[in-house]
Amino acid sequence: MRTGTGPIGFVRSLLQILGGKPQVPPSLEANQALALILKRRSVRHFASTEIPDEVLAAILEAGRLAPSTVNLQTWSFALFTPATWHATFGRHLPFGGARAIVVMADTHRVRLALDAFPHSPLVEHTIAVMNASLAAMNMNIAAEALGVSSVMLSETGRTGLLDAGYLVEKLCLPGGVLPLMTFILGYPRGPHPPMPPKLPQDQICFEGRYREPAAGLMGGWLAQMKAGYKASHPFSSFDAQLRVYGKKIVQAEATLWAMVSDGRGPES
Ligand SMILES: Cc1cc2nc3c(=O)[nH]c(=O)nc-3n(C[C@H](O)[C@H](O)[C@H](O)COP(=O)(O)O)c2cc1C
């Protein structure tokens, strides 16, 4: 991958993005479950069609049956329709989604029966987060299988990890429950988004010892990320967006630490 600068580099990066596609051995191309997983994209435009209750129930069942450390099931899901979202947060559900699920890491519930592990960052912020994230991904794939598209949000609309303090207040979460992401669901509107720049398999896998990426690989990826962002947000830039995220992360970290020291936080 070559790093490009200027208009030519911009166009080259866009063409590289558009040329990206899943690499599947021809003998496995007909596998529908695999094709579904590889076709999944984060979708940010939804039709006004409602999601039937039984479809949502099937998606939640995929979350409920996800794998977890010692089968501790350290997750909770807060469910919203556009109306309940508006009533709770005073704004529209992001991207015109039909439903939202706030996915939380939750060690509160399991500790009512089994308080075996320390109240430590590794348990509260790694093990619990990992399990809840796997549940979210199971729901994501189940949704795709049912024709429902989605996007996970950590920031947009003040309802993800970066606004955990706000969500703890709004959803009256007890200590040990940490909101991670808002999963927005809906039937897609408009064309399927192109695959964003994904690193090649031979650069992220290694056998034996860790291998540094090939020269120019990460620069090329960054150029594509910037070009892709510019193409979809002509009046902003990837760098500007990163600055916003950086500030929000600093604020979120401060809020979480304040909550922990007040005894209200995820480790209390
Ligand atoms: C935990 C998590 C948080 C995310 N937060 C946001 C977000 O706040 N806003 C957004 O537009 N996309 C968000 N995304 C979607 C990513 O931008 C998207 O997954 C990534 O660009 C790769 O695109 P793909 O999902 O189509 O493969 C998030 C994804 C994950 C997994």
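The values are calculated or read from the model by the stated rules, or taken from the named source; none is laboratory data. These figures come from a predicted structure and were not determined experimentally. Positions of Cβ are generated from backbone atoms using ideal geometry, with glycine treated the same way; all protein chains shown enter the neighbour counts. Quick note on the areas: whole protein, heavy atoms, side chains included, nothing else; ligands and nucleic acids left out. Shrake-Rupley method; radii C 1.70, N 1.55, O 1.52, S 1.80 Å.
Remarks
- From the options Lys198, Lys247, residue that is in contact (Cβ under 8 Å) with a residue 60 or more places away in the chain, of a type in the set (Lys, Arg) and either in a loop (DSSP other than H, G, I, E, B) or out of contact with any Ser or Thr (no Cβ under 9 Å at 6 or more places or on another chain) (or both): Lys198
- Condition met for Pro213 (open to solvent by 40 Å² or more (accessible area, probe 1.4 Å) and in contact with a helix residue (DSSP H, G or I) (Cβ under 8 Å, 6 or more places away or on another chain)): yes
- In segment 26-51, the residues that are among the small types (Gly, Ala, Ser) form Cβ pairs under 6 Å with partners that are surrounded by 15 or more Cβ atoms within 10 Å (Cβ to Cβ) and in a loop (DSSP other than H, G, I, E, B), at six or more places apart or across chains, as follows: Ala47/Tyr187; Ala47/Arg189.
- A single member of Ser27, Ser68 is of a type in the set (Gly, Ala, Ser) and either open to solvent by 80 Å² or more (accessible area, probe 1.4 Å) or touching a His at 6+ places or on another chain (Cβ under 8 Å) (or both), and it is Ser27.
- Entirely in segment 72-189, the strands (runs of 3 or more DSSP E) that have 2 or more residues that are within 16 Å of the ligand (Cβ to nearest atom) and over 23 Å from Leu256 (Cβ atoms): 149-153, 177-186
Listed here are the residues, each with its yes/no results for (1) over 19 Å from Pro193 (Cα atoms); (2) hydrophobic (A, V, I, L, M, F, W, C).
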| residue | (1), (2) |
| --- | --- |
| Ala135 | yes, yes |
| Glu144 | no, no |
| Val151 | no, yes |
| Thr159 | yes, no |
| Leu162 | yes, yes |
| Val168 | yes, yes |
| Leu171 | yes, yes |
| Gly175 | yes, no |
| Met181 | yes, yes |
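- Residue list for segment 29-68, restricted to those being among the small types (Gly, Ala, Ser), part of a helix (DSSP H, G or I) and within 11 Å of Ala142 (Cβ to Cβ): Ala57, Ala58, Ala62, Gly63
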